[in-house]
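The values are calculated or read from the model by the stated rules, or taken from the named source; none is laboratory data. The model shown is predicted, which means the values in this text are computed figures rather than measured ones. Note that each Cβ is placed from the backbone with ideal geometry, even for glycine, and that neighbours are counted across all protein chains shown. Quick note on the areas: whole protein, heavy atoms, side chains included, nothing else; ligands and nucleic acids left out. Shrake-Rupley method; radii C 1.70, N 1.55, O 1.52, S 1.80 Å.
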Amino acid sequence: RSIYKFVKNQGFSIQGYADDHQIMMSFKPHSQGVVLVYELKRCIERIQFWMDQYFLQLNGSKTQIAILGSHRLLHDIGIGGLNLPSGISIRFVSSFRNLGLYFDTKLTLSRQITELKKRCFRTIRNVNKIRFLLTKCQLKTIINALVVSCLDYCNSLYFGISEKLLNQLQLIQNACAKTVTGKYKHDHMENDLNELHWLNVRKRVIFKLALLSYKSIIGNSPEYLKELFVYSHHGHSLQLIVPNFSTLYGNKSFSVVGPKLMNRLPKHIVSADDVDSFKALLKTYLFSASEVTIRNLIE
């Protein structure tokens, strides 16, 4: 009865949350005709058949197809859409939304950051209109709840993005700090982030990656994350195995970044007794770490 087993029998992998699902298959440009015209079409038709059996309906207007890859590979794709015998036309899109985040076909996350900036700065402007009515503590609570939480949502995906996009995220956090400390748009930042005890955006990304890695090592995460962390039994020091990839996308993946980061963090942090202790030790370490130290952790 499960749609997961049904789709996997068609040669595709599938992931989903609630009523939103994504089916995936990797292919090379020379096989685009077979994959996109025949195999994908057949899989969607079979999904539609399965849904009809359980009195469900495939929403063609919300169904999208995206091809992810480098600029050179995407240039070789000549197919732009898919028509099903049932009359449903499915469009190929250059960006799509998944669990509240926007992904583009080159995985730059440029649209996600553009949309995030619009939402965050709109909220900051609205809070600034009433900040004279609030105490600093109240402002900090509101900004954390409405803006900083948006910056932190799935922020591990921001690892490896361009410096230009990372700086745009930092501008959002700087605006948050100015709102809480009572400064205006063109005022100098000085030590506002330190005063609020906030890690900057780059360090927050590292913090999230390290926390996810630690939870995976101690078994407090889903199985598909736990299996990425395997210790090597060679040599005298206990190190996590870091897989080798020949592509830029592969080297940015969590399966590489997570083990590499845990191998480079100080041992007293990695060997923390519980999650709360790990978070406290890690934040203290990152807060005092220089930019050179941070870059050595992730490069």
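With the simple model of a label 7 Å out from the Cα in the direction of the Cβ, LYS215 to SER70 spans 3.4 nm.
Computed from Cα atoms, the angle from the helix 275-288 axis to the main principal axis of the chain rounds to 60 degrees. Shown for segment 163-224: the carbon plus sulfur share of the solvent-accessible area, taken with all protein chains present and a 1.4 angstrom probe, equals 53%. What whole number of Å gives the distance from the Cα centroid of segment 238-278 to the Cα centroid of segment 47-70? Cα centroid of segment 47-70 versus Cα centroid of segment 238-278: 36 Å apart.
Couplings 3J(HN,Hα) of segment 158-172, computed from phi: 7, 5, x, 6, 5, 4, 4, 6, 5, 5, 5, 5, 5, 4, 5 Hz, in residue order, whole Hz [Karplus 6.51 cos²θ - 1.76 cosθ + 1.60, θ = phi - 60°; x for Gly and Pro].
Give the shape of segment 64-144 as rounded, prolate or oblate, defined through the alpha-carbon gyration tensor: a ≥ b ≥ c are the square roots of its eigenvalues, a/c under 1.5 means rounded, and otherwise the shape is prolate if a/b is larger than b/c and oblate if not. Judged from the Cα gyration tensor, segment 64-144 comes out prolate (a/c at least 1.5, a/b above b/c).
Could you state the per residue volume, in Å³, of the convex hull enclosing the Cα atoms of the chain? Could you put the intermediate results ahead of the total?
Values: hull volume 56.0 nm³, N = 299.
Taking the convex hull of the Cα positions in the chain, it is 187 Å³ per residue.
Mean-square fluctuations from a GNM of the chain, with a 10 angstrom spring cutoff on Cα atoms, peak among PHE92, PHE55, PHE132 at PHE55.
Pairs to check: LYS178/LYS279; LYS136/LYS267; LYS129/LYS279; LYS117/LYS183. Give those whose C-alpha atoms are more than 29 Å from each other in this structure. In this structure, LYS136/LYS267; LYS129/LYS279 lie more than 29 Å apart at Cα.
Considering only alpha-carbon pairs that sit under 8 angstrom and 6 or more positions apart, the relative contact order computed for the chain is 9 percent. Choose one of THR105, GLY250, THR141: the residue whose Cα lies farthest towards the positive end of the charge dipole of the chain (beta-carbon charges +1 Lys, Arg; -1 Asp, Glu; about the Cα centre). The residue sitting most towards the positive pole is THR141.
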